[in-house]
1. Go over the candidates Ala290, Ala282, Ala299 one by one and state the one that is closer than 22 Å to Ile123 by Cβ and either at pLDDT below 95 or under 18 Å from the mean Cα position of the chain (by Cα) (or both).
2. Any idea which of (1) in the same structural domain as Gly20 (by TED's automatic domain parsing); (2) touching a residue at least 60 places away in the same chain (Cβ under 8 Å); (3) among the β-branched types (Val, Ile, Thr) is the one Ile140 doesn't satisfy?
3. Looking at region 56-80, which of its residues are surrounded by 15 or more Cβ atoms within 10 Å (Cβ to Cβ) and more than 19 Å from Gly19 (Cα to Cα)?
4. Sort out for me the strands (runs of 3 or more DSSP E) sitting completely within region 243-306 that have 1 or more residues that are buried (at least 24 other Cβ atoms within 10 Å of the Cβ) and small (Gly, Ala, Ser).
5. Tell me whether region 301-311 contains one or more residues that are over 22 Å from Asn351 (Cα atoms), in contact (Cβ under 8 Å) with a residue 24 or more places away in the chain and out of contact with any Phe, Trp or Tyr (no Cβ under 8 Å at 6 or more places or on another chain).
6. Of these, Cys86, Cys43, which one is touching a residue at least 40 places away in the same chain (Cβ under 8 Å) and part of a helix (DSSP H, G or I)?
Amino acid sequence: MKEFTGKILQLGKFYPIYGGVEKVEFELMLGLSEKNIRCDMLCAALEGKSKKYEFNDKAKLLTCHSWTKAAATMISPAMVFTLRKCKNDYDVIHIHHPDPMASLALLMSGYKGKVVLHWHSDILKQKLLLKFYKPIQDWIIKRADIIVGTSPIYLKESIYLKDVQQKTICVPIGVEPIKPERDKVSEIREKYKGKKIIFSLGRLVAYKGFRYLIDAASYLNDNFVILIGGTGPLKEELDKQIKEKRLEDKVKLLGRISDDKLPSYYGACDVFCLSSIMKTEAFGIVQIEAMSCGKPIVATNIPQSGVPFVNSHGISGLNVEPANAEKLAKAIMDITKNSETYNHYSSGAINRYSELFTKEKMIENSINLYNNL
């Protein structure tokens, strides 16, 4: 791999990390710096004043004071002023979409260097925001030297990218392998002794499809238990659903799982389930985290989403029709019906992770991309 000698700025979203986009930016910053490449990150602060974090001599993170959060976007005029001051320090600005504040900052900065646009997803929910933002979005698509997508499906199917396919490239998200602690895994297995554990993780919001995963428990026998980690606005509604259907012994809402405990749940489960039902789920990083532990995946064939690309049907797991509890349950039973079938999907999951979704591969692909600019 050719050595890259330029300086890169990851631009967008916010810090601390809460979602997949911020996680990718942060991992790119650290991973590239570990390859002796100067890579910084500029974003909004979720709270508090502007601040600088230095992670090593090749990576610093600048957070900019935000006024408020509106339409899922941090309003941070400080990002504009900060980027105008530091823009000439970088050979490449790698901007992450969707983030209207970052795009506005780049537009107003007057930056003349190379731009990589990382298209994590279309703007789907914020229709009013998109109405006002679209001229800037059109500008950033045209301004970008190259557009990166996390899956070939999403790049091909996005209506906003249909006229710029010639400058798109797929760089799948990569993560470090999850490393569960044996003792903590044993504790969870002991708590649910004799059960096949189905694990799921995410915010308790509508597009995650947890209502269908809960309903799937009705089609599973008492040898199964479904564990759902995460918090969100639908907690009371999902609790009520579990009680009304008398599924308290088969479905557990775990709440927020701390970073130190999360690997143990990946390690303890038999199957990981991503029950999302909308294109808002563009990739599903949790799938590759589970795959890194050799866990088979049950996911959904969301139209135009990268989710079924991540989980290769028949290899790393099974993909079923979205919003269909019975089919979720059948896929879970099919994967776990005997050890031979289970081992096929388990080895398929770890192999697919190793081939496509390691952090090392994401960093290598990104360096090649920068070199090609």
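The values are calculated or read from the model by the stated rules, or taken from the named source; none is laboratory data. All values derive from a computational prediction rather than experimental measurement. Methodologically, a virtual Cβ is constructed for each residue, glycine included, from the backbone with ideal geometry; neighbour enumeration extends over all protein chains shown.
1. Numbers: Ala290 fails: closer than 22 Å to Ile123 by Cβ; Ala299 fails: closer than 22 Å to Ile123 by Cβ.
The unique qualifying residue is Ala282.
2. (2)
3. Those that are surrounded by 15 or more Cβ atoms within 10 Å (Cβ to Cβ) and more than 19 Å from Gly19 (Cα to Cα): Lys58, Ala59, Lys60, His65, Pro77, Ala78, Met79, Val80.
4. Values: elements: 251-255, 271-273, 297-300.
Those strands (runs of 3 or more DSSP E) span 297-300.
5. yes
6. Details: Cys43 fails: part of a helix (DSSP H, G or I).
From the options Cys86, Cys43, the qualifying one is Cys86.
This table checks each residue for (1) closer than 22 Å to Tyr345 by Cβ; (2) within 25 Å of the chain's Cα centre (by Cα).
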{"site": "Tyr219", "(1), (2)": "yes, no"}
{"site": "Ser264", "(1), (2)": "yes, yes"}
{"site": "Ala268", "(1), (2)": "yes, yes"}
{"site": "Met278", "(1), (2)": "no, yes"}
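Every residue, every condition in (1) part of a helix (DSSP H, G or I); (2) over 30 Å from Glu25 (Cβ atoms), yes or no:
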site: Pro322; (1), (2): no, no
site: Lys327; (1), (2): yes, yes
site: Ala331; (1), (2): yes, yes
site: Glu340; (1), (2): yes, yes
site: Gly348; (1), (2): yes, no
site: Tyr353; (1), (2): yes, no
site: Glu360; (1), (2): yes, no
site: Ser366; (1), (2): yes, no
site: Leu369; (1), (2): yes, no
